[in-house]
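The values are calculated or read from the model by the stated rules, or taken from the named source; none is laboratory data. Every value quoted in this text rests on a predicted model; they were computed, and no experiment measured them. Here the Cβ is made from the backbone with ideal geometry for all residues, glycine too, and neighbour counts use every protein chain on show.
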Amino acid sequence: MADTYEMTFNVGSRDFSSAGDASRTIKRTLKQLGVDSSIIRRIAIASYEAEMNIAIHSLGGKIDLLIDGDRIFVETEDYGPGIENVDLAMTEGWSTAGHEIREMGFGAGMGLPNMKKCADEFYIESEVPTGTKIKMIFNI
């Protein structure tokens, strides 16, 4: 595997026709690079949850994938509105998703908790109304 590898994906607000494309590409790329399937599974889940959160809750954003030696970084940044109470947002089952999103099968309040469970390291910072940044680190 290469020492370093980088990719960036833009994620549109409410762009449900493309939502999931970034996480599928990340999964396919990691397979091609020979990353262990159990690690790929965790990264695929975490990146999908992050991608859907950007599409559902934000004004758009991006996902960066960086492979650096024996660690894989998945970092997200969205462009608002931010999370008013990060501790509450990290609670399983808590969601600000509206009825329309729930009818589509999303908004169960498991996105952030699932990201944290899947990652070896998880960091989140959010500022209202600027946006949210998440950094997930996975050890290879």
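Details
- Evaluation of ALA119 against (1) among the hydrophobic types (A, V, I, L, M, F, W, C); (2) touching a Ser or Thr at 6+ places or on another chain (Cβ under 8 Å); (3) under 16 Å from ILE45 (Cβ atoms) (one fails), failing number: (2)
- Check on LEU30, modelled with pLDDT of 95 or more, on the phi < 0 side of the Ramachandran plot, in contact with a helix residue (DSSP H, G or I) (Cβ under 7 Å, 6 or more places away or on another chain) and not in a strand (DSSP E or B): yes
- In the range 60-95, the residues that are out of contact with any strand residue (DSSP E or B) (no Cβ under 7 Å at 6 or more places or on another chain) and of a type outside the set (Val, Ile, Thr): GLY69, PRO81, GLU84, ASN85, ASP87, LEU88, ALA89, MET90, GLU92, GLY93, TRP94, SER95
Yes/no per residue for (1) under 19 Å from CYS118 (Cβ atoms); (2) surrounded by 13 or more Cβ atoms within 10 Å (Cβ to Cβ); (3) touching a helix residue (DSSP H, G or I) at 6+ places or on another chain (Cβ under 8 Å):
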{"residue": "THR8", "(1), (2), (3)": "no, no, no"}
{"residue": "VAL11", "(1), (2), (3)": "yes, yes, yes"}
{"residue": "ARG14", "(1), (2), (3)": "no, yes, yes"}
{"residue": "GLY34", "(1), (2), (3)": "no, no, no"}
{"residue": "ILE54", "(1), (2), (3)": "yes, yes, no"}
{"residue": "LEU59", "(1), (2), (3)": "no, yes, no"}
{"residue": "THR96", "(1), (2), (3)": "no, yes, yes"}
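- Total residues in the range 95-115, condition at pLDDT 80 or above and among the hydroxyl-bearing types (Ser, Thr, Tyr): 1
- Remark: pairs (first residue in the range 80-105, without any contact (Cβ under 8 Å) to a residue 12 or more places away in the chain and basic (Lys, Arg); second residue surrounded by 10 or more Cβ atoms within 10 Å (Cβ to Cβ) and outside any helix (DSSP H, G or I); Cβ separation under 9 Å; 6+ apart in sequence or on different chains) = ARG102/SER95; ARG102/ALA108.
- Picking from residues in the range 109-131 that are assigned to a loop (DSSP other than H, G, I, E, B) and touching a residue at least 40 places away in the same chain (Cβ under 8 Å), the one that is surrounded by the fewest Cβ atoms within 10 Å (Cβ to Cβ) is PRO129.
- From ILE134, ILE63, ILE54, residue being touching a Lys or Arg at 6+ places or on another chain (Cβ under 9 Å), touching a residue at least 24 places away in the same chain (Cβ under 8 Å), within 21 Å of GLY12 (Cβ to Cβ) and among the β-branched types (Val, Ile, Thr): ILE54
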